Amino acid sequence: QVQLVESGGGLVQPGGSLRLSCAASGNIRSIRAMGWHRQAPGKQRELVATITSGDITNYADSVKGRFTISRDNAKNTVFLQMNNLKREDTAVYYCIAEMYSLRPDYWGQGTQVTVSS
């Protein structure tokens with residue numbers, strides 16, 4: 001079992017920045033990759049960024065050049081640095097842990113990001 005604790009969401013003006021954190025605990029040796037998804041009102045949940053245990057990253061086209069995913073292996077924590085935020089980035093952001101051995105994914109409870117003037 002894996003537990004994910006998210007933090008860093010909030011209200012920011014367009015063009016501003018936020019840094020999200022997700023700390024993993026439990027059976028962390030079974031985590032193959034971690035990342036972030038988001039869901040805006042009336043929209044489907046979509047992938048934002050992922051990072052593997054080998055530090056290979058993947059980004060949605062809509063956030064490339066603005067968002068950066070990274071990890072601190074010593075603290076079992078993944079980060080999402082979000083720069084030049086736009087109104088369309090407003091969503092609930094969910095941390096995800098992808099597991100080895102066909103285990104189901106684990107999800108955090110989500111943190112609200114609101115971009116508004």
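The values are calculated or read from the model by the stated rules, or taken from the named source; none is laboratory data. Note that the structure is predicted; figures quoted are calculated from it, not measured. Neighbour counts run over all protein chains shown; Cβ positions are idealised from the backbone, glycine included. Please note that ligands, DNA and RNA were not included when accessible areas were found on the heavy atoms of the full protein model with its side chains. Shrake-Rupley method; radii C 1.70, N 1.55, O 1.52, S 1.80 Å.
Some observations on this one:
- Condition met for G54 (among the small types (G, A, S) and at pLDDT below 95): yes
- Failed condition for V5, given (1) surrounded by 15 or more Cβ atoms within 10 Å (Cβ to Cβ); (2) hydrophobic (A, V, I, L, M, F, W, C); (3) closer than 19 Å to D105 by Cα: (1)
- Scanning the range 76-117 for residues that are among the hydroxyl-bearing types (S, T, Y) and touching a helix residue (DSSP H, G or I) at 6+ places or on another chain (Cβ under 6 Å) yields a total of 1.
- When S101, S116, S53, S70 are checked against the criterion of being farther than 24 Å from V12 by Cβ and open to solvent by less than 80 Å² (accessible area, probe 1.4 Å), S53 stands alone in meeting it.
- Of all residues in the range 1-26, those that are more than 17 Å from S70 (Cα to Cα) have Cβ atoms under 6 Å from Cβ atoms of residues that are at pLDDT 95 or above and of a type in the set (S, T, Y), 6 or more apart or on another chain, in V2/Y106; Q3/S25; L11/T114.
- When the test is whether a residue is of a type outside the set (K, R), part of a strand (DSSP E or B) and surrounded by fewer than 19 Cβ atoms within 10 Å (Cβ to Cβ), N58 passes it.
- Looking across the range 91-117, the residues that are farther than 12 Å from H37 by Cα, in a loop (DSSP other than H, G, I, E, B) and of a type in the set (S, T, N, Q) come down to S101, S116, S117.
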